[in-house]
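Below is one structure, written out as structure tokens, with a few remarks after it.
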């Protein structure tokens, strides 16, 4: 155990030398963790150590760490694999093989794309945790509190990469001037190359369809722009129904959402069936627009991030053989119908707003 | 080389010859004669000039003034009863008898008239006489009569019935066996007042001549068990039996196994319960530890208190004992395996905090664990043997030095202290297997420090296979799990309510299988249905 350097985060960037890769590992410096009870210790220094190496391949770079580090980098505890934006746009395929092949890498580590360089992210100061990896890991684990970021594990990413039609996606991580790390938006890949981004709103549009939006806050837009209502999503179910009609490919997405009335800053009383129903309709409208926005972006990029291709594959295996290789020509012209059924269950501990009318 | 072996063999053969000669000599014991003087001389020749031997010649208070003598051993006899019920009637009260002839035509008649003690028998050989005297009996020889009367006057200072030291219970009887065989048999007899309860005694030990008693319940005991025990006991040809452990080591099924195949207990209630399940107990004079056979592995996790308290907590505690057995054999091995080979198996925060705790420890994990384990064993041994006052001092020093100083000096890591401590505590939770678990712990530890978790699995499998091969007096050690006896599972992992324990364990005995009636579940009548 004392011969190991525990890697928590792996950052991959393009090296300055052409054709080489630069690897940044964030390891925990166990000599700096003071055992609890020994008193004192600490200070502002976080017990982490970033190591940087370049090499022709990822594996070569990793082995080079042994020139300077007395401890072998140990990967099973790594939490996140971050690709720099530049290398992501160039294609991650070359630099993901090692992580697929090596037994020390867990399949459930998260894959992310950095805005800018990955090494800059690793220099960021995560709040409350001392390693970037653990921080990112915990943020992604509780993605459903907002449902506006998408957790993608190495396993998910590889699955999408290996699929002929489904496009890989990965959450985007960025660091601001105060060195704070935030997750915002989603990187969309075409094959192994990043081609664009989804906004947080569009990301939730994607999550509705992927059946992963199990929480989050929907803010309703009322006619009066000063009045706002927040609905807390508590569950959602999605059904994708592919259909081939008149030689046209159609997709119907049926979303059933359940939520609670979480907050209202209007004096209106919703405790009657009619206005309650209007809330349902408004919520459904927001969900619909989110899904459509995401779909529009996806068609723009011509990247099937929803996995609609696989849905056709399952339902029409015979027809699929003809479409499969030509999916790029079908996807931009796919017709999407979104049906949303929203049910607001409870209004919390209050029935009416306390706001005076 | 071969000649050397041949010599050894010859020596062994000689030994055998000597032994058989001994046995022949024993069989040819001289008969007691009718002449008192000759008899006394022979006895003196055998018993020598020991101070504690009392030979009391006297004259029977009858007309013909027959000479007689009492032989007894000081300290083993109850002096009061010898004085009041033997010497006094024989010397004084005999005078009041109106008998013209010699008082006794045979000495048995004395028992009818003058010896006022319940247990009297007649012996004819010198050896019998000496043996019985050495047990505390008094021998009466009368001139002119061949043979002697052996009068039971045993009575010596012995420890009273106290609470057993090794098996304390919160709820349940507080009495424990003592060193005196007769007291122990009485304790069992008081629990089971059944005419079928049988005690069979034999003497083992050429020189110690220790009484060994087999106890069983006729009609319930496993068929063939008593014969098998007797067969094995008869084979013991040694000169000294001090404790039941001697017997155990001479008759056990698997002498090389770390697991004991013979149970021992200090509690009469435990013995009574085991006898009722078809087992037999072996009592040895001079020790409070009673052996019970056959022993199943599961018995190590049962205590009498499980049956005295209500089944819920009793079952939980039983599961807890099994858990602590596994902890006690596996904890150090797992620690070493995880820290040296399988760091990826620990949750990340735990891995990091353990890594930081091991920072600066100068020994590899396995040496660290070995040294600390060794220190604990030394501490335990020292603590047990020392007088209580000093023992406390030792444990304070041990706790301070090992627990506090070793960690702050950076010689061992704090997590290991926890591991060793929990191992120690766990091993005390299953006392019957604590010997075995110490041995297995070490084996698994060695396997883990060379082969990691693979080694632990190999070790555990090996132990399981070994356990499955063991038998205790014909009963598979792992019964009722292997071979599976579903009906017997009522008293294994979970202790069923007493009213559901209908049958005796079938892996032990199939005789008189039903020990209680069906439908004994208490069902108090509803108040509404009354009247």
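Any read-out appearing in this document is the output of simple, stated calculations on the displayed coordinates, not a laboratory observation. In this text, all values refer to a predicted model and were calculated from it rather than measured experimentally. Heads up, the Cβs are rebuilt from the backbone with ideal geometry, glycines too, and the neighbour counts pull from every protein chain shown.
Just so you know, the Rg over Rh for chain A is 1.04, from Cα atoms, with Rh as the Kirkwood radius. A helix-only calculation puts chain B at -14000 deg cm²/dmol for mean residue ellipticity at 222 nm, using -39500 (n - 2.57) for each DSSP H run of at least four residues, averaged over all residues. Could you work out how far the C-alpha centroid of segment A:81-156 sits from that of segment B:353-407, in angstrom? After rounding, the separation between the Cα centres reads 44 Å. The per residue volume of the convex hull around the alpha-carbon atoms of segment B:375-531 is 256 Å³. In segment A:156-278, the convex hull through the Cα atoms has an average projected area of 12.2 nm², a quarter of its surface area. Among the residues of B:350-358, the average count of other protein chain beta-carbon atoms within 10 Å of the residue beta-carbon is 6. Diffusion of chain B by Stokes-Einstein, at 25 °C in a medium of 0.890 mPa s and with Rh set to the Kirkwood radius over alpha-carbon pairs, works out to 87 µm²/s. When each of B:439, A:189 is scored by the number of other beta-carbon atoms lying within 10 Å, the sequence from fewest to most is B:439, A:189. Sorted from longest to shortest, the spans of the Cα atoms of segment B:139-218 along the three principal axes equal 61, 32, 24 Å. Among A:238, B:133, a tally of other beta-carbon atoms within 10 Å of each Cβ gives an order, fewest to most, of A:238, B:133. Taking chain B as the reference, fit the longest principal axis to its C-alpha atoms, fit the long axis of helix B:225-235 to the helix C-alpha atoms, and give the angle between the two in degrees, 0 to 90, nearest 10. So the helix axis and the longest Cα principal axis differ by about 70 degrees. The helix-based estimate of mean residue ellipticity at 222 nm for chain A, built from -39,500 (n - 2.57) per DSSP H run of four or more residues and divided by its residue count, is -8500 deg cm²/dmol to the nearest 500.
For chain B, the longest principal axis of the Cα atoms and the long axis of helix B:2-27 meet at an angle of about 40 degrees.
Taking every Cα-Cα distance in segment B:181-307 and sorting them into 5 Å bins from zero, the calculated P(r) comes out as 2, 11, 23, 24, 22, 13, 5, 1, 0 percent. Counting Cα-Cα pairs of segment A:250-357 in 5 Å increments starting at 0 gives whole-percent bin shares of 2, 10, 17, 16, 12, 10, 9, 8, 7, 5, 3, 1, 0. The share of Cα pairs per 20 Å bin across the protein assembly as shown, counted from zero up to the longest distance, runs 11, 25, 25, 20, 10, 7, 2, 0 percent.
In segment B:309-469, the convex hull through the Cα atoms has an average projected area of 11.7 nm², a quarter of its surface area.
Annotation: the residues A:276, A:327, B:518, sorted from fewest to most other C-beta atoms within 10 Å of their own C-beta, follow the order B:518, A:276, A:327. With q set to 0.11, 0.20, 0.21 Å⁻¹, the log10 of I(q)/I(0) for segment B:110-268, from the Debye formula over equal scatterers at the Cα positions, is -0.61, -1.46, -1.49. Here is the size of segment B:36-151 from its Cα atoms: Rg then Dmax, 13.3, 40 Å.
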